[in-house]
1. Starting with the fewest neighbours, write out ARG219, ARG268, ARG182 ranked by other beta-carbon atoms found within 10 Å of each beta-carbon.
2. Take the Cα atoms of the range 167-311, find their three principal axes, and give me the spread along each one in whole Å, biggest first.
3. In what sequence do VAL58, VAL158 fall when counting other Cβ within 10 Å, fewest first?
4. Averaging sequence separations of C-alpha pairs under 8 Å and six or more residues apart, then dividing by the length of the range 167-311, give the relative contact order as a whole percent.
5. If R0 is 30 Å, what FRET efficiency do you get for ARG75 and THR300 from their C-beta distance, rounded to 0.05?
6. Using only Cα atoms, locate the centre of the range 241-288 and the centre of the range 110-135, then give the distance between them in Å, rounded to an integer.
7. Wrap a convex hull around the Cα atoms of the range 162-205, take a quarter of its surface area, and give that in square nanometres.
8. So what's the back-of-envelope 222 nm ellipticity for the chain, counting only DSSP H runs of four-plus at -39500 (n - 2.57) apiece and dividing by all residues, rounded to 500?
Amino acid sequence: MTTERRRDAPAADAGAPGRGPPPGVANRRARRRRAPPAPTSLHEQAAADLVEAAGEDVAFVLGPDVLWWAAGPGRGAWSPESAASRLVQGLYDLHGTRAARLLRRPVWSTRDADPFGLGLVKVHGKRLYRVTPRDHGLAPPPAREVRWTFAPAPAPEVTAAPPPGDVAGWAEASRRLAAGARVSDDGPRWARDRRVAALLLGPEGALLGAALNTHGHNRTLHAEVNLALGHVAATGAPLPPGATVVVSLRPCKACAGLLWAAAADPARLRVVYADDDPGPAARNTVLCLGSDPRRRFARTAAELQAPCLVPARAPDGAG
Ligand SMILES: [Zn+2]
């Protein structure tokens, strides 16, 4: 039985100065959190059965009575998605916000974690682990397939047209687009869309796409997800080399993972954000220089050292 030890430590988000337990206790807790649970023979059996049925990589979560699973996009065609990302997005389509309860359980995948799938599990669930398919002659609980296909939302109209290269102008445009988004005031706050907008600029600065947050419909549909999956759905191609994504709010781990995975050349990807998000979901993402996910997913020295994430305005006092 092999379990891959995860290098991306959730504890990397911890460490706010002056708070929390003393370092020794925090380190012990972090080690406990980091230790992956061993997959049981039932997990290995489920993985073996599902891989055989699907003919490709799968991800699954063992619910109280049912095993929910999703197949990956297949190894042949390029895609920024994975079985894990499809499982999380599809569970929110099926169960709405009740998916969050299911995703407190470990998510198992038959392939190494990918930037988008891992980001989604970190933001909307708990932990993503690898399991090796193995036949033990067991009978896992009944399995239900989660099928997820991205359905693009109508793109918002962008009237602003700053000159190419005017990043601050585009950041302001994203902020205005977000502010003008039609968001229902009905129902609880968590069930409504958020006023966040994302723009895609080509390497020459031309506007290639725009999208809004629609997470009232599906919690995973942040503006950047609609933008990047919308571009891939429309073109079948990655975000072009040298592309700039301008977002009204600093991207979370899931969006950062998707932008990284969807970029033809992550080393030349630039993500500019208008407003900072102080929450933990937007810290230590793959777009952050020196972060754990960056060390994990960078394939070249250029990818390891690329700045990627830049605020539209330098912080006060930084010039
Ligand atoms: Zn996000």
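The numbers here are math on the coordinates, done by the rules we state, and not lab data. Source: prediction; values computed, not measured. Using ideal geometry, Cβ is built from the backbone for each residue, glycine included, and neighbour counts are taken over all protein chains shown.
1. Sorted ascending by nearby Cβ count, the order is ARG182, ARG268, ARG219.
2. In descending order, the Cα extents are 48, 32, 29 Å.
3. Sorted ascending by nearby Cβ count, the order is VAL158, VAL58.
4. Dividing the mean separation by the residue count of the range 167-311 yields 19 percent.
5. Efficiency for this residue pair is about 0.90.
6. Each part reduced to its Cα centre gives a spacing of 20 Å.
7. Taking a quarter of the hull surface, the average projection is 3.6 nm².
8. Using -39500 (n - 2.57) per qualifying helix, the result is -9000 deg cm²/dmol.
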